[in-house]
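Any read-out appearing in this document is the output of simple, stated calculations on the displayed coordinates, not a laboratory observation. For clarity, every value in this text was computed on a predicted model and none was experimentally measured. In this analysis, Cβ positions are derived from the backbone assuming ideal geometry, glycine residues included, and neighbour counts consider all displayed protein chains.
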Amino acid sequence: MALFRFATDPPARPLIRTQNLVLRAPAAADYAAWAVLRMESREFLTPWEPVWNEDDLTRASFRLRVKRAAREIATDEAYSLFIVDQQTDALLGGLTLGLVRRGVAQACTLGYWMGQRHAGRGHMTEAVRGALRFAFNDLALHRVEAACLPANEPSRRLLERVGFQHEGMARAYLRINGAWADHLLYAALSSDRAPG
C-alpha cells in the first residue's frame with residue numbers, strides 16, 4: 001500500500017457503484033480494452049463526437065488521458081470515468097462529469113459514450129442515474145447540464161428518462177464530426193424529483 005499519492009495517480013477505489021456497474025477512473029492497465037472498444041465502435045461514435053486525432057488510440061495518448069483524469073479528479077475539476085460491468089469487469093463505455101464549477105454555480109456538464117456492442121442494453125441509463133446521485137450527494141452540486149445533437153434520439157430519450165429537463169437550443173454549440181453543430185440543452189437539478 002502506498003503511503004502517499006501523486007495527483008496523477010488514479011483513485012484506488014471506484015467512485016460510483018450501481019446495481020450492475022462500477023464507474024471508476026481509467027488506469028494504465030485499461031489501455032488494450034479501451035483501444036479495442038473505441039476502434040470497433042468508431043463508425044458508431046463518429047456522428048456524435050469530435051474528430052479523433054491521429055494519435056488518439058496510441059498508448060502514449062492513453063497514458064496522458066489517464067494522468068489528466070487523475071489530476072482533474074484530485075483537483076475537483078472533472079470526473080472522467082470508465083463504465084465497467086461489475087460481474088465481468090468488461091469495459092462498456094465512459095462518462096464524464098466535467099467543467100465542475102463551484103462558487104455560486106455548483107454545476108457541471110455531463111458527457112458520455114458507449115461501445116457499440118453494449119449500446120441499447122440500459123447500461124448508460126444506469127450509469128447516468130448513478131452519476132447524478134454522485135453529483136448531487138457526494139459532490140454536493142446543484143445542477144448537472146447535458147447537451148445532445150437534435151438527431152441523436154437515443155441520447156434525448158436517455159436524458160429525459162433519467163430526469164433531465166429540456167431547456168433550449170444552443171446554436172453551433174460544439175464542433176462535432178468536423179462541423180459546428182446546434183445542440184439541445186438539458187439540465188437536472190438536485191431539487192428535481194428523479195423519475196420512477
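Summary table
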quantity	calculated
Net charge, residue 53 excluded, C-beta distance under 15 Å - Lys, Arg +1, Asp, Glu -1	+3
By average C-beta atoms within 10 angstrom, highest first, the peptides 181-189, 91-99, 103-111, 42-50	91-99, 181-189, 103-111, 42-50
Packing-based exposure ordering (other Cβ within 10 Å, fewest first) of 155, 61, 191	191, 61, 155
Least to most buried among 128, 84 (fewest other Cβ within 10 Å first)	84, 128
Prolate/oblate/rounded call for the stretch 16-189, Cα gyration tensor, a/c under 1.5 rounded	rounded
Trypsin sites (Lys or Arg not before Pro) within the stretch 88-129: DSSP coil, no more than 13 neighbouring Cβ in 10 Å	102, 121
Order of 66, 162 - criterion: other Cβ atoms within 10 Å of each residue's Cβ, fewest first	66, 162
Computed FRET value (nearest 0.05) for residue 55 with residue 29, which takes r as the C-beta separation and R₀ as 22 Å	0.65
Calculated FRET efficiency for the pair residue 116/residue 88, C-beta based, R₀ 22 Å, to 0.05	0.80
